[in-house]
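The values are calculated or read from the model by the stated rules, or taken from the named source; none is laboratory data. Just so it is clear, the model here is predicted, and its values are computed rather than measured. Cβ placement follows ideal geometry from the backbone for every residue including glycine, while neighbour counts extend to all protein chains displayed. What goes into the accessible areas is simple: the full protein's heavy atoms, side chains included, and nothing from ligands, DNA or RNA. Shrake-Rupley method; radii C 1.70, N 1.55, O 1.52, S 1.80 Å.
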Amino acid sequence: VEDELDIAELLRHVFSKEGFEVDIAHDGLAALEALRREPPDLVVLDWMLPELSGIEVLKEMRARPETRMVPVILLTARREEIDRVLGLELGADDYVTKPFSSRELVLRIRGLLKRGERPVDPKEGALRLGPIEIHAADHRAIVGGKALTLTLTEFRLLEDLVRARGRVRTRETLLAEVWGYDSEVLSRTVDTHVRRLRSKLSEAADWLVTVRGVGYRIQDPADER
C-alpha cells in the first residue's frame, strides 16, 4: 500500500522477481477494499497515505478477525523513535524507514512469511504453563479459560516463551525464532511486542518476566519471591 507511484512500481518489480504475487493499493480506502476482497499473506503498508492513513488501515486490520493475524511491515519516513514505536504498539510486526534497501525488505518479508510454513502436528496437545494454554494447530491462546486476541507475532512470541518453560530467551533468539531474521534488528521491536503481549495476558501478565540486559521468560511469579 503505497501512494508514491514510482516506489509502488519499484516494489512490484522487486517482489514479482522474487516470485511473490503482488497487489497494489495507492490509498487507505483502496487498501481496506482490497483486504475485504481477499486477505493477503502479508502487507507492506506506507504510513502516510491519502484518504486514510496507514495507521488507520493498521487499526482496522487488527480489529477484523480475518486480518488480525496478517503480518504487516510499516514503511515510514518518520525517523523519530516514538513514531516507530507507535506503529509497533498499534500492531505492526516490523517497520522499515525510507529510504530503504529493497534487499533488506525482501529478507524481512521472507522471515515473516516463513513463520506460517512451520509444520504443526495436528495431534499435538495443548501446551500449558501455569494459567497459559497454547493451541498451536489453530493459533489459539487461552488464559484462565478466556481466549486472547493476539496478532500472529504476539502468538508466536508467547508460544516460543511457553515452549522454553522458564528458560530465558534472549532478544536475538526471539528475533530469529519469532521474526525469522538472521540480520540484526533493533531490540525495540522485541521489547514493544513483549509489552503489548503482557498487556493482553490479563491475570497471567506477571508470568512474563523481564530479565534485565538479557531477554524474557515465562515463569511462575511465586518463584521470584
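Here the chain exposes an accessible surface that is 48 percent carbon and sulfur, computed with a 1.4 Å probe and the other protein chains kept in place. For residue 163, the accessible surface of its heavy atoms amounts to roughly 100 Å² (probe 1.4 Å, protein chains only, rounded to the nearest 10). Loop-located GluC sites (Glu not before Pro) across segment 12-58 with a Cβ neighbour count of 16 or fewer within 10 Å are 18, 21, 51, with loop assigned by DSSP. In terms of its C-alpha gyration tensor, segment 122-161 comes out rounded, because the ratio a/c of the largest to the smallest axis stays below 1.5. Rg and Dmax, both from the Cα atoms of segment 134-225 and both in Å, are 12.6, 38. Every Cα-Cα pair in the chain was counted, and those over 24 Å apart are 44% of them. Axis of helix 54-63 versus longest Cα principal axis of the chain: the two differ by about 40°, to the nearest ten degrees.
With a 1.4 Å probe and all protein chains left in place, how much accessible area per residue does segment 128-225 have, in Å²?
48
In the chain, the longest principal axis of the Cα atoms and the axis of helix 152-164 are about 30 degrees apart. Shape analysis of segment 1-101 places it in the rounded category; the axes a ≥ b ≥ c from the Cα gyration tensor give an a/c below 1.5.
The residues of segment 1-107 have, on average, 52 Å² of accessible surface per residue, using a 1.4 Å probe with all protein chains present. Spin-label model, residue 139/residue 222: points 7 Å from Cα along the beta carbon direction are separated by 3.4 nm.
Note on the chain: helix-only mean residue ellipticity at 222 nm, from DSSP H runs of 4+ residues weighted -39500 (n - 2.57) and normalised by residue number, equals -11500 deg cm²/dmol. I need the calculated FRET efficiency for the pair residue 6 and residue 146, taking r as the beta carbon distance and R₀ as 35 Å, to the nearest 0.05. FRET efficiency, residue 6 to residue 146: 0.15.
Of all lysines in the structure, those lying under 22 Å Cα to Cα from residue 17, and not within fewer than 8 positions of it along the same chain, are 98, 114.
Given Cα pairs under 8 Å that are at least 6 residues apart, what percent is the relative contact order of the chain? Taking the mean separation of contacting Cα pairs over the length of the chain, I get 15 percent. Axis angle, to the nearest 10 degrees, between helix 5-17 and the longest C-alpha principal axis of the chain: 60 degrees.
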